[in-house]
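What follows is a set of notes on a single structure, which appears directly below.
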Amino acid sequence: MKKEDIHLGDTLTVKVKEDMEQPFTGTVQKVYENSALLAITNYESADRQNAAELNFKIVINFKAIVKNLGGGKPNPEPEETDETKED
């Protein structure tokens with residue numbers, strides 16, 4: 001999946017073998033160049049301990065995304081301030 005397809009607030013289904021045994025869902029809190037910070041919102045009971053050890057947050061590579069369930073909003077354009085306005 002590409003950066004342009006991921007927005008703040010989107011709910012993603014993700015599979016990360018290194019940290020969680022089963023696929024889980026999370027909400028995008030921050031988007032980086034090739035990854036995103038997720039708040040883990042739904043997971044299998046077998047992964048309860050793993051999610052707790054991660055403090056229910058994880059940085060995932062876009063390659064680990066199984067499905068984007070949507071729900072977020074496109075990243076807003078930065079507003080012009082007096083300092084950035086051209087005369």
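Points to keep in mind about this one:
- Taken over region 13-53, the criterion of being surrounded by 13 or more Cβ atoms within 10 Å (Cβ to Cβ) and in a helix (DSSP H, G or I) is satisfied by Asp47, Asn50, Ala51.
- Residues of region 1-12 classified as without any contact (Cβ under 8 Å) to a residue 60 or more places away in the chain and surrounded by 13 or more Cβ atoms within 10 Å (Cβ to Cβ), total: 2
- Residue within region 67-74 that is part of a loop (DSSP other than H, G, I, E, B), over 11 Å from the mean Cα position of the chain (by Cα), modelled with pLDDT under 95 and of a type outside the set (A, V, I, L, M) present: yes
- When Met1 is tested against (1) modelled with pLDDT under 95; (2) under 11 Å from the mean Cα position of the chain (by Cα), only condition (2) is not met.
- Enumeration of residues in region 55-65 that are modelled with pLDDT under 95 and not in a strand (DSSP E or B): Phe62, Lys63, Ala64
- Which listed residue, of Glu44, Glu86, Glu80, is modelled with pLDDT of 80 or more and farther than 26 Å from Lys2 by Cβ: Glu44
- Of all residues in region 54-75, exactly one satisfies the criterion of being more than 19 Å from His7 (Cα to Cα) and surrounded by fewer than 12 Cβ atoms within 10 Å (Cβ to Cβ), namely Asn55.
The values are calculated or read from the model by the stated rules, or taken from the named source; none is laboratory data. Everything numeric here is computed off the predicted structure, so don't read it as measured data. Virtual Cβ from ideal backbone geometry, glycine too; neighbours counted across all protein chains shown.
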